[in-house]
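In what follows, a structure is listed as structure tokens, so that the remarks can point back to it.
The values are calculated or read from the model by the stated rules, or taken from the named source; none is laboratory data. In this text the structure is predicted, and so the values were computed from the model without any measurement. Here the Cβ positions follow ideal geometry from the backbone for every residue, glycine too, while neighbour counts run over all protein chains shown.
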Amino acid sequence: MQRLIGNLSLNVEERGAGDISLVFLHYWGGTHRTWNKVISGLEKSFHTVAYDMRGWGQSDAAESGYSISELADDAAALIRKLELKKYFLIGHSMGGKVAQLLASRHPKGLAGLVLVAPAAPTPTRFPEEALEQQIHAYDSRETVLQTIAFLSARTPEPEVVQQIVEDSLSGVPEAKLAWPTSAILEDISSEVPKIAVPTLVLAGEQDRLDSIEQHRREILGRIPNSRLEIIADSGHLIPIDEPVQLAHAIGQFVTELQA
């Protein structure tokens with residue numbers, strides 16, 4: 001369903017029902033579909049909201065930009081639009097950085113934060129060759145397949161590979177370029193210590209992009225009341241590699257906080 005947020009129409013999928021909502025923010029190159037198998041394990045117990053960020057999937061491209069702050073503004077506006085009373089933010093990679101910034105603003109109704117292989121709040125700088133690879137990661141089917149091979153612990157099923165290719169190629173050029181050239185360089189490290197809700201950080205055991213040690217240093221070292229769990233046999237694309245483990249970890253975290 002399309003939801004108008006300011007001048008942008010965002011593609012939003014809601015599933016399940018209940019007093020507690022789970023709001024999912026996808027990674028750079030993903031869409032709401034990245035979370036499909038995770039949500040399948042949670043929708044019987046919770047109301048879930050997943051959407052395509054500006055410039056991805058079936059959401060509008062933006063005239064203003066694709067900064068972390070603008071992406072956080074979109075998420076906050078959507079939450080208000082849907083009139084969510086009590087919710088958890090669940091952000092993956094780029095979506096994890098967006099979720100950190102939004103949570104630091106103490107939005108009304110936020111009960112907890114789940115960061116799935118989150119991008120660091122400090123600037124991440126790549127060597128020139130690696131940066132070029134990132135800039136061109138979603139140029140074609142071939143480059144997307146190379147990116148999947150790096151980010152995943154194993155090759156996904158053919159239909160999932162096709163979904164990832166379609167999602168990655170769906171991004172408008174500005175959205176594809178914004179993350180590796182600007183948003184990943186944004187420094188929100190002075191904001192994340194303001195996060196006041198319980199935070200679960202989930203790291204892929206075989207993540208070659210953001211290591212477990214980086215999560216300990218960059219995330220746990222800055223966010224009060226945060227804890228780390230390792231998702232076994234997973235690379236960076238935890239929602240793709242290990243959706244069942246991930247859904248279980250999220251559900252357990254939310255249920256524990258409500259007990």
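Numbers for the structure displayed
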| item | result |
| --- | --- |
| Pairs with Cβ under 7 Å, 6+ apart, first in segment 166-184 and over 10 Å from TYR138 (Cα atoms), second surrounded by 23 or more Cβ atoms within 10 Å (Cβ to Cβ) and among the aromatic types (Phe, Trp, Tyr) | GLU174/TYR66; ALA175/TRP56; ALA175/TYR66; ALA178/TYR66; TRP179/TRP28; ALA183/TYR66 |
| Residue within segment 168-184 that is surrounded by fewer than 16 Cβ atoms within 10 Å (Cβ to Cβ), among the small types (Gly, Ala, Ser) and farther than 25 Å from LYS37 by Cα present | yes |
| Residues of segment 121-176 satisfying the condition of being over 20 Å from the mean Cα position of the chain (by Cα), modelled with pLDDT under 95 and in a helix (DSSP H, G or I) | GLU128, GLU129, ALA130, LEU131, GLU132, GLN133 |
| Hits in segment 37-68 - residues which are buried (at least 17 other Cβ atoms within 10 Å of the Cβ), out of contact with any strand residue (DSSP E or B) (no Cβ under 7 Å at 6 or more places or on another chain) and either among the hydroxyl-bearing types (Ser, Thr, Tyr) or free of Cβ contacts under 8 Å to residues at least 24 places away in the same chain (or both) | TYR66 |
| Matching residues, segment 176-235, being among the basic types (Lys, Arg) and within 14 Å of ALA153 (Cβ to Cβ) | ARG208 |
| Any chance PRO193 is out of contact with any His (no Cβ under 8 Å at 6 or more places or on another chain) and either in contact (Cβ under 8 Å) with a residue 12 or more places away in the chain or closer than 18 Å to TRP28 by Cα (or both) | yes |
| Failed criterion for LEU151 (all others in (1) under 22 Å from GLN58 (Cα atoms); (2) crowded, with 21+ Cβ neighbours inside 10 Å; (3) of a type outside the set (Ser, Thr, Tyr) hold) | (1) |
| Unique match (being loosely packed, with under 15 Cβ neighbours inside 10 Å and assigned to a loop (DSSP other than H, G, I, E, B)) among ARG208, ARG216 | ARG208 |
